[in-house]
Every structure is written in C-alpha cells, then in structure tokens.
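Below you'll find the structure, written out as structure tokens, and then a few comments.
Computed from the coordinates by the stated procedures, all read-outs in this text should not be read as laboratory data. Only a predicted model underlies this, so the values are computations on that prediction, with no experimental measurement involved. Positions of Cβ are backbone-derived with ideal geometry, glycine not excepted, and every protein chain shown enters the neighbour counts.
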Amino acid sequence: MRTERESERAVTQGRTREDEALARAEDRALMARVQTGDEAAFGALMERWERPVKSVIARLVFNVTEAEELAQETFVRVWQQREKFHEGAEVRPWVFSIAVNLARNRLRWWRRRPEVALEAWCAAGEGEKERGGEGERGSRGDGGDLERKERAGAVRDAIAALPGELREAIVLFEFEEMSQAEIAVAVGASVKAVEARVARAREKLRVMLRRWV
C-alpha cells in the first residue's frame, strides 16, 4: 500500500532507495560524532534537518514564528540529550519526536491562555507566508494561481481542524513521507495506532475537502 506510493514519489524527486539508505547512514555517522561532543557534526546535522523540523512544527502549531523558535529549541535539546540516542537507531524519527513533543507542549500552553484568540495566534505567522510570494502570484488575476492558493488554504485549515494526534500522523505521513514505523517513534505510539490515525485523518480530510477532490 505505502511502498508503491513511496516509489512513485522517489522517482519523481529523483531519489532512489539507495540514496535514502545512504542519507540515513550519513545521519547516523553524524549523530555518532555529535555524541562525542563534535560541534561541527552537530552543525552539519542541524543544517540537514532544521528546515524539515521547522516545516513540521509550523503545520502542527499553525504559526510560522513559533515554529522558528521551537525548531531552534529542538536542536538545543538534540545537543543536550545526545547521549540518550541509541546507536543504530534512525536519526530522523528521534529528532522529530523532540519536535513533536515541543509542539504539543506549546499547544497545551496556548489552550491554557483563553485570552489569546486562535485567530491572533494563527495570524502571527501568516505574513511570512504572504511575503514568500504566494500573495503576489494571486494578485495577478491568474485564475489557476488563485485556485491553487485557495486549495492550499483549504488544506491548511482542514489539517488545523484535525485532533492533535491525527494531525501529527498525517503531517508526518503525507508531508514528510515518513513510514508508519518512523512515525510511531516520533509520536510515541504503536505502528498499529499510527496506521489507524492516518486512516482516520484521511477520512476526515476527504470529507472536509470534498469540494477539492
């Protein structure tokens, strides 16, 4: 089920399973050096994973500005907790588990602050998306660009409306193309639970996005 889909994406992106295996091996080699206190290796690891971590967090907390801060905190904790990494484990799920936990904690903090409106929380990161060029393209009157922008906005809103555990699973599965086993490590659940969460998230999204299907 997942294998065929991953293979199609790998071909489209010019990546092979050998490439991915090599990248994982490089991550493990870097992490082994990080565990010895090698700051240069830590910098290289951070360069490889800072952007994906930031992207995942932004989709979980709905706020680009917060994602910047939490991504930095993720790597602070990677360094602080480097001795807890088990030799032979995969680096990406371990790093993402730290990021997911930080995102969860930040959302819990927000829910305890009823004076902070959800609209204000989300809006804080919206300007950066517009400055990225999406708004400019939409202002040209190109129907195709406007439709793509509307679709992207609908997808963001639908993902934001999902319960937290479903949102985590679908973001890691669809956007990061992680296996269910990797996601299980990142979110602290069984593979079976991840499979169920992805299925439930897809069904909810299918209903919410039926206009765009």
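For this structure, a couple of remarks:
- Fewest-first ranking of Glu182, Glu168, using other Cβ atoms within 10 Å as the exposure measure: Glu182, Glu168
- The ranking of Ser179, Ser190 from fewest to most other beta carbons within 10 Å of each one's beta carbon is Ser190, Ser179.
- Rough spin-label spacing in nm, given labels placed 7 Å along Cα→Cβ, for Arg151 and Arg211: 1.4
- Which of Thr65, Thr36, Thr16 has the fewest Cβ neighbours within 10 Å, and the rest in rising order: Thr36, Thr16, Thr65
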